[in-house]
Every structure is written in C-alpha cells, then in structure tokens.
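Here the structure comes first, spelled out in structure tokens, and everything after it is commentary.
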Amino acid sequence: MRVIAGTARGRRLKGGSERGLRATSDLVRGAIFDILHSIAADLSRVLDLYAGTGALGIEALSRGAAWCDFVEKESRSCRLIQDNLEASGLTEKAAVLRLPAERVLTKLSSQYSLILADPPYQDEKADKVLESIAASPLVGPATVIVFEHSKRKTPPGMLGNLSLTTSRRHGDTVISIYRSGGS
C-alpha cells in the first residue's frame, strides 16, 4: 500500500491485514479523492474516523490538508497510524486519538471540512455514530462526509442536515458522499 498522490506520493504505508484490518485499497482511495477533487471539496481540516491504518487521512494530508485527526479505538492500530505518519513525513500535521468513534463528540470540538468514515462493514452502530456527528458542531455548512461501506448496505439518504449526493461502487465497496443541501 502506497500514498497515491501529493507530497508523500509513492511512500510505502504499513497495512493491517495481519491484524484483521480491511485497509482501503489504492483503487478506492484514488476514487474517493477523484470525487472530492471533482466537487472541489475543502481538504483543510480532516477527521479520519475508524482510521485503521490511517491511509485515508494520510492521503488527504499528502494532497494538501493542513491537519488531520485520526480516531481509532485499537492501540495497535494507533501505533500503526503513527508509523505510517512517520514514514510519510506528515507527523507534524496530525494527531492520533485512541478512542471509539462513538466518543468523538466528547473529545473534539473543532469544525472539520472533510470527515472520512470507513467503519468495519459489520459495525451496526456506524450509521448512528455518523448521524450524531453529522448533527454536531463538528460539521459546518461546507463539510463533506465520505462514508465507505459494503455494497450489501443501503446508505442513509441523510446524515444530520447532509444529503447523500452520490454513491459509487468499486467491487464490494461503496463510497457514499454527503454534503449540505445536496450540492
């Protein structure tokens, strides 16, 4: 697994398959950032929920994000994210927070321009977590939420005040994009 584009392009990232992590593939990461580019999404302040290896947030940092908070509940995965940030030279632009995604509202209060969410496909609570985050002060009028999920799951039409604007399928993975007012 490598960083696809930007300042850290080509840098190798450690994967987590031996730990049971389903890291976002290069193909899907590329598709996510192609969509974000096409809608002129603001990458300035990023929240990477269910961060796993950190590949999504690191890709955002490499492509110009000023800051990324990585949220991951597993300590071994947090160490993996730290290792990947060091390998990509982006440590100074990030914080790794060890906590479950459902507790993010108790720890964070800044507004994010982009929220990346790649929960485990079998996580039954993910929709509710994303709904509460989308209705919180973490989301501003221009925030975009990217929700990566299984093709077997129908994404909600709304998250807070954000409308589902597009869904793209790549194999078993679907990328659902939410924005204010369906724009």
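The values are calculated or read from the model by the stated rules, or taken from the named source; none is laboratory data. Quick caveat, the model's predicted, so the values are computed rather than measured. FYI the Cβ positions are ideal-geometry reconstructions off the backbone, even for glycines, and counts take in every protein chain you see.
So the values come out like this:
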read-out: Residues (more than 21 Å from I175 (Cβ to Cβ), outside any helix (DSSP H, G or I) and acidic (D, E)) located in segment 70-117; value: E74
read-out: Pair list, Cβ under 7 Å, 6 or more apart: segment 75-93 residue under 15 Å from V46 (Cβ atoms), other residue surrounded by 14 or more Cβ atoms within 10 Å (Cβ to Cβ) and aromatic (F, W, Y); value: I81/F70; K93/W67
read-out: Qualifying residue in segment 153-170 (condition: of a type in the set (S, T, N, Q) and in contact with a Pro (Cβ under 8 Å, 6 or more places away or on another chain)); value: yes
read-out: Flag for V104 being touching a residue at least 40 places away in the same chain (Cβ under 8 Å) and in contact with a Phe, Trp or Tyr (Cβ under 6 Å, 6 or more places away or on another chain); value: no
read-out: Enumeration of residues in segment 139-160 that are touching a helix residue (DSSP H, G or I) at 6+ places or on another chain (Cβ under 7 Å) and either more than 20 Å from I35 (Cα to Cα) or among the aromatic types (F, W, Y) (or both); value: F147, G160
read-out: Residues satisfying the stated conditions in segment 118-132, i.e. more than 21 Å from F33 (Cβ to Cβ), part of a helix (DSSP H, G or I), within 14 Å of the chain's Cα centre (by Cα) and of a type outside the set (G, A, S); value: V129
read-out: Boolean, L105 is modelled with pLDDT under 95, over 25 Å from G15 (Cα atoms), more than 15 Å from the chain's Cα centre (by Cα) and surrounded by 13 or more Cβ atoms within 10 Å (Cβ to Cβ); value: yes
read-out: Of residues in segment 141-172 being surrounded by 14 or more Cβ atoms within 10 Å (Cβ to Cβ) and basic (K, R), the one modelled with the lowest pLDDT; value: K153
read-out: Some residue of segment 39-48 being more than 13 Å from S113 (Cα to Cα) and either assigned to a strand (DSSP E or B) or within 13 Å of the chain's Cα centre (by Cα) (or both); value: no
read-out: Only one of A95, A117 that is under 18 Å from Y50 (Cβ atoms) and crowded, with 19+ Cβ neighbours inside 10 Å; value: A117
read-out: Pair list, Cβ under 7 Å, 6 or more apart: segment 152-179 residue farther than 11 Å from E131 by Cα, other residue surrounded by fewer than 14 Cβ atoms within 10 Å (Cβ to Cβ) and β-branched (V, I, T); value: I177/T166
